[in-house]
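Notes follow the structure.
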Amino acid sequence: MSVDMLDTGIDVPEVLNLVFFKPVHSPVKFWQMVGRGTRLCPDLFGPGADKQEFFIFDYCDNIDQFEGTEDFSSATGSKQTSIVERGFAKRILQLQYLEGEDRAAVVESLLADLRSVPEDSVLVPPASKPYLARYKVSGAWNGIRGDAASLAIDHLAHLPMARAGEEEQARRFDLLLWTLELGLFEPDPRQVPNFKKLAVLVEALLDKTTIPAVAQQAPLLEEMSAPDWSTNATYEELELARRALRGLIKTIDRGKRKAVITDFEDELGGLTAVEVTATGGTEIEASVVEERLRQALEAEAATNLSLRKLRSGKPINTYDVDELERLVAECHVEGAEQLRESHVEESIGRFLRGIVGMDEPAVRAEFDAILADTTLNSVQIQFVDLLVGYIARNGVLETAELTWPPFDEYGNVVDIFSDKTVRAIGQGIRQLTLSAYAAS
């Protein structure tokens, strides 16, 4: 069973092991998942041998990110960096070592990436906009290093660039070569293994010289296959190889290609045992309280007008706010008031929306204009259907989450839709979010 299934109300008391194999971006969702493992299960191992503990195998540092996050409203998730982000960072780091034409070429590639970012996209956070405007000018890159380079990476690398729409094989090859290039200037323990992986790719391409485009690069490939080529390779030679071969990697048989460049940098390190405890006794219990609160509110949904308005996305007023607070206070669910207090900075509408979700027809109606477009292709329709289902189940969605799982399954939203449609999607999300707040 996928751990991701365990945030949807599925209760499996027998759970003894949870495996996190991808990052979780929401502290509430993380503790919901962990909370499923805390269910009591008497006699699990035989008469009188009750469940006493369970194990979490966390390969993405979710525990380090979220342990002790009593104030869920102020917690932030960490997003695993993409190939494009890592490649952007490698090029910025190269700048402090390069001069002349080599440096100018890297600056030009960075400028091209940034100029491809739609400034009015909902995927460009307000904090990144000043950096985007500044670094679209070539002179801004002069002398960049240290803290300035780190800030540029933090604010720019994640932006929606046109490069993200290129073939993945080419992007992965770019990253491999940029990593090798940077390794010429900075010590890198993976430099030798990475050169070996490049050598495997070169050998695989030499087996494909019956393809005209590959045959044109045969002299370069023969040169790169020499035993001492990696020892003496210069930055210029690596960059020439990257430009010449990046479009040919797709011709390599998938098995060989994937074995070499799918995961060429292991960032996980060794396993560390950590005992996870709930600070103040609230976090792990929160998922239990939320589920009981959801069930109690479900019973009220048919008759309580304020709750029905919240679920249907209709505007709520101050009376509804008081009524929703009353529902939590009088729901007779142990821990409900404490849970509400832990989200005191969050409006009652948004708090409860995240627990009870929304009516799917109401969510779909917000995106009817987009779905009515007869030119939508199957991927675009599936994306909107996924969006509608997600908001209906979870009640809320931030526009930044459109670049996170599960939405990245179909690619980058700015590549899937036109700028106009991306803005319409963002507006629809914001409109649904605003409906959880009382009009002032």
Practice task
Within segment 148-200, track down each residue that is surrounded by 15 or more Cβ atoms within 10 Å (Cβ to Cβ) and over 24 Å from L248 (Cβ atoms).
Solution key: A149, A152, I153, H155, L156, A157, H158, L159, P160, D188
Handout entry: Check on V396, farther than 22 Å from P118 by Cα, at pLDDT below 90 and among the β-branched types (V, I, T)
Key = yes
Fill in the blank from the handout: Within segment 224-239, residues exposed (fewer than 13 other Cβ atoms within 10 Å of the Cβ) and without any contact (Cβ under 8 Å) to a residue 40 or more places away in the chain come out as A226, P227, D228, T231, N232
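Answer yes or no as to whether P219 is more than 21 Å from Q94 (Cβ to Cβ) and either assigned to a helix (DSSP H, G or I) or in contact (Cβ under 8 Å) with a residue 24 or more places away in the chain (or both).
Yes, satisfied.
Say whether the condition of being assigned to a loop (DSSP other than H, G, I, E, B), farther than 18 Å from L182 by Cβ, more than 20 Å from the chain's Cα centre (by Cα) and small (G, A, S) is met by at least one residue in segment 92-115.
No, because not a single residue in segment 92-115 is assigned to a loop (DSSP other than H, G, I, E, B), farther than 18 Å from L182 by Cβ, more than 20 Å from the chain's Cα centre (by Cα) and small (G, A, S).
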Practice task
Scan segment 334-356 for residues that are modelled with pLDDT of 85 or more and in a loop (DSSP other than H, G, I, E, B) and jot them down.
Solution key: S347
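Determine whether segment 318-329 contains at least one residue that is surrounded by fewer than 18 Cβ atoms within 10 Å (Cβ to Cβ), in contact with a Lys or Arg (Cβ under 9 Å, 6 or more places away or on another chain) and at pLDDT 85 or above.
Among the residues of segment 318-329, at least one is surrounded by fewer than 18 Cβ atoms within 10 Å (Cβ to Cβ), in contact with a Lys or Arg (Cβ under 9 Å, 6 or more places away or on another chain) and at pLDDT 85 or above, which makes the answer yes.
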Handout entry: Candidates A372, A362, A392, filtered to the one that is buried (at least 16 other Cβ atoms within 10 Å of the Cβ) and more than 23 Å from the chain's Cα centre (by Cα)
Key = A362
Exercise for the section: Determine if segment 303-316 includes at least one residue that is assigned to a helix (DSSP H, G or I) and at pLDDT below 90. Expected result: no
Handout entry: segment 128-147 residues that are modelled with pLDDT under 90, paired with ones that are part of a loop (DSSP other than H, G, I, E, B) (beta carbon under 6 Å, 6 or more apart)
Key = I144/L95; R145/Q96
Problem - Restricting segment 130-186 to residues that are part of a loop (DSSP other than H, G, I, E, B), among the charged types (D, E, K, R) and within 26 Å of A400 (Cα to Cα), the residue that is farthest from the chain's Cα centre (by Cα) - result: K136
Exercise for the section: With respect to T421, determine if the residue is part of a loop (DSSP other than H, G, I, E, B), among the β-branched types (V, I, T) and either over 30 Å from V328 (Cβ atoms) or at pLDDT 90 or above (or both). Expected result: no
Handout entry: Test for T209: is it assigned to a loop (DSSP other than H, G, I, E, B) and among the hydroxyl-bearing types (S, T, Y)
Key = yes
Practice task
Consider V84 carefully, then state whether it is touching a residue at least 40 places away in the same chain (Cβ under 8 Å), out of contact with any Gly (no Cβ under 7 Å at 6 or more places or on another chain) and outside any helix (DSSP H, G or I).
Solution key: no
Exercise for the section: Scan segment 108-124 and give yes if some residue there is farther than 22 Å from N412 by Cα, buried (at least 19 other Cβ atoms within 10 Å of the Cβ) and among the hydrophobic types (A, V, I, L, M, F, W, C), otherwise no. Expected result: no
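Tally time: how many residues in segment 337-373 are of a type outside the set (A, V, I, L, M, F, W, C), closer than 15 Å to G389 by Cβ and in contact (Cβ under 8 Å) with a residue 12 or more places away in the chain?
5
The values are calculated or read from the model by the stated rules, or taken from the named source; none is laboratory data. Keep in mind the model is a prediction, meaning the values are calculated, not measured. No Cβ is skipped: glycine too gets one built from the backbone with ideal geometry, and neighbour counts run over all protein chains shown.
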